[in-house]
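Participant: Mind having a look at this structure? Questions to follow.
No lab work stands behind these numbers, since they all come straight from the coordinates. Only a predicted model underlies this, so the values are computations on that prediction, with no experimental measurement involved. Positions of Cβ are backbone-derived with ideal geometry, glycine not excepted, and every protein chain shown enters the neighbour counts.
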Amino acid sequence: MSLSIVIVGRPNVGKSTLFNRLVGRRLALVDDRPGVTRDRREGEGRLGDIEFTVIDTAGLEQASPESLSGRMRAQTEAAIDQADIIFFMIDARAGPTPVDHDFADVARRSGKPIVLIANKSEGTAGESGRLEAYALGLGEPIPISAEHDEAARAFPLLVRQELAGLHSHIENLQRRRADAASR
């Protein structure tokens, strides 16, 4: 059974760009305008010897359930339920927003392991936002620039370390899924 990772965050933090980097080709549309990603998209990724399914999601927004944004949020929450691990992405240049704090609570309530990613950390522009991200209570933010491929060598190593630390948790999740599927 394959490991699955969902990438979540508010609109325009770089989720689709990271998704494309992880799958090694441009499967997801990337645009400066928020709201381009409306449905979740899946692809196969690899970090060293770790293979996984990665799920790109629409940006999380506060919205009524019957609105388009509300339906997109429901799809994102379904993807969180489906995944083994959450990559929670923020825009380090903007720093964590109230929306990031709200959705950090959603991610935390899922009970899934969370890897906090501070995207747009190129140069020194995102340093204060990355440090402010500790306030989300999701652990150490991993600084990257998905668009410019900065930290491209460090990111897989850091994520692999996170995944190695979660190995027994992942095995238990996968064992429970296999048991449920065999019933």
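Participant: With each pseudo-label sitting 7 Å past Cα toward Cβ, what's the ARG71-GLU127 distance in nm, one decimal?
Facilitator: 4.6 nm
Participant: Let me ask something else. Can you tell me which of 93-99, 83-89, 128-134, 142-148 comes out highest on packing, and rank the rest after it, using the mean Cβ neighbours within 10 Å?
Facilitator: 83-89, 142-148, 128-134, 93-99
Participant: Report, by chain and number, residues whose modeled amide H sits under 5 Å from the one on LEU3, excluding near sequence neighbours (fewer than 5 apart, same chain).
Facilitator: Correct list: THR53.
Participant: Could you sort 102-113, 2-13 so that the peptide with the highest average Cβ count within 10 Å comes first and the rest follow in order?
Facilitator: Sorting 102-113, 2-13 by mean packing, highest first, produces 2-13, 102-113.
Participant: Please work out the FRET efficiency for the pair ALA181 and GLU147, using the Cβ-Cβ distance as r and a Förster radius of 41 Å; give the result to the nearest 0.05.
Facilitator: FRET efficiency, ALA181 to GLU147: 0.60.
Participant: Under the Karplus relation 6.51 cos²θ - 1.76 cosθ + 1.60, θ = phi - 60°, what is the ordered set of whole-Hz ³J(HN,Hα) values for region 128-144, x standing for Gly and Pro?
Facilitator: Result, ordered by residue: 5, x, 5, 5, 5, 5, 4, 5, 6, x, 10, x, 6, x, 8, x, 9 Hz.
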